[in-house]
Amino acid sequence: MVRWAGAYPHVRATVRIHTGLGRDTRTDFYQDRRHYVWNNDSDTATLRNDRDRLIDRESWGCHRGGRH
């Protein structure tokens with residue numbers, strides 16, 4: 001889990017989460033990871049708030065049961 005101290009986007013704001021290196025802005029947040037984190041066949045990205053409430057989820061590829 002990655003937390004961004006003091007970085008809270010506005011309600012209904014569009015943000016982009018990057019796993020690589022970069023400088024956080026109001027709309028782009030970087031995890032500053034130096035190694036690959038995504039599975040090339042399928043994976044799921046989950047965004048939660050500071051209370052662990054689900055904000056958004058995106059999946060791609062084949063998952064259990066053959067669904068996308």
Among the residues of region 39-51, write down those that are more than 11 Å from the chain's Cα centre (by Cα) and closer than 21 Å to GLY22 by Cβ.
ASP43
Top-ranked residue of region 49-68 - restricted to ones that are on the phi > 0 side of the Ramachandran plot and at pLDDT below 80, ranked as most open to solvent (accessible area, probe 1.4 Å)
GLY65
Pairs under 7 Å by beta carbon, first residue over 18 Å from VAL15 (Cα atoms) and open to solvent by less than 60 Å² (accessible area, probe 1.4 Å) in region 28-45, partner at pLDDT 90 or above and hydrophobic (A, V, I, L, M, F, W, C), six or more apart or different chains?
none
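The values are calculated or read from the model by the stated rules, or taken from the named source; none is laboratory data. As the structure is a prediction and not an experimental result, all values here were calculated from the model. Neighbour counts are summed over all protein chains in view; Cβ atoms, including those assigned to glycine, are modelled from backbone coordinates with ideal geometry. Just so you know, the surface numbers come from the protein's heavy atoms only, side chains and all, with ligands and any DNA or RNA stripped out. Shrake-Rupley method; radii C 1.70, N 1.55, O 1.52, S 1.80 Å.
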